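Everything on this sheet refers to the single structure shown next.
Just so it is clear, none of the values below were taken in a lab; they were calculated from the coordinates. Since the structure is predicted, the reported quantities are computational estimates derived from the model, not experimental observations. Positions of Cβ are generated from backbone atoms using ideal geometry, with glycine treated the same way; all protein chains shown enter the neighbour counts.
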Amino acid sequence: MRIIGIDPGLARVGYGIIEIENEKKILLDCGVIETGKDKKEEDRLHEIFTDLNELINHWNPNVAAVEKFFFYRSSTTISVVQARGVIMMVLASKKIRVSEYSPAQIKLTIAGSGKASKKEVLDAVMYNLDLNKPPRPDDSADALAIALTKLNEEGFN
């Protein structure tokens, strides 16, 4: 099984791709799709669309896990929701089954507490993937936590 975890955003979309091989979790790739603040919003959304399509075409994940978005009182809320819509559209167009998780679900599954700190989640990601150093930037580590949440749900603890 190959899974892509996605942490939605307009400026940065975190992604992490993990494969299960002989019941071992293997990190294949992680990083961010970064869009320039100097670009128009529609161009930034198109960049997410294009880059995510390329990423999926390259890695061919079987399933996807995406962080659910909760509304905050922020000027970026609509933009993030639009970026998330583009992400969901790309996944649907590729016929990739999607699971969605709230931040609290991810923290509970990965670190044992729905109120876990960023560091506790990062430590759990590193432990689960047997990493010597933390994945960077943080958005990619978050995406890996999202992917690991799905793998846990599938019974790959």
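When +1 charges are put on Lys and Arg Cβ atoms and -1 charges on Asp and Glu Cβ atoms, the dipole computed for the chain relative to its Cα centre reaches about 340 debye. Beyond 32 Å in Cα-Cα separation lie the following of the pairs 40/150; 39/68; 95/133; 39/118: 40/150; 95/133.
Each peptide in 24-33, 86-95 gets a packing score, the mean of other Cβ atoms within 10 Å over its residues, and the list from highest to lowest is 24-33, 86-95. Per residue, the chain reaches -15000 deg cm²/dmol at 222 nm when only DSSP H runs of four or more residues are counted, each adding -39500 (n - 2.57).
Across the chain, the mean sequence separation of Cα contacts (distance under 8 Å, 6 or more residues apart), normalised by length, yields a relative contact order of 32 percent. By DSSP, the beta bridges lying fully in the chain are antiparallel in about 65 percent of cases. Here each label is just a point 7 Å from Cα along the line to Cβ, and for residue 60 and residue 77 those points are 4.2 nm apart. Charges on Cβ only, +1 for Lys and Arg, -1 for Asp and Glu, centred on the Cα centroid of the range 2-153; of 88, 15, 49, which one is farthest towards the dipole's positive end? The Cα lying farthest towards the positive end belongs to 88.
Stretched out fully, how many nm does the piece from residue 93 to residue 133 gain, at 0.36 nm a residue minus the Cα gap? Can you show the working numbers first?
Working: separation 40, 0.36 × 40 = 14.40 nm, distance 3.46 nm.
Length gained between residue 93 and residue 133: 10.9 nm.
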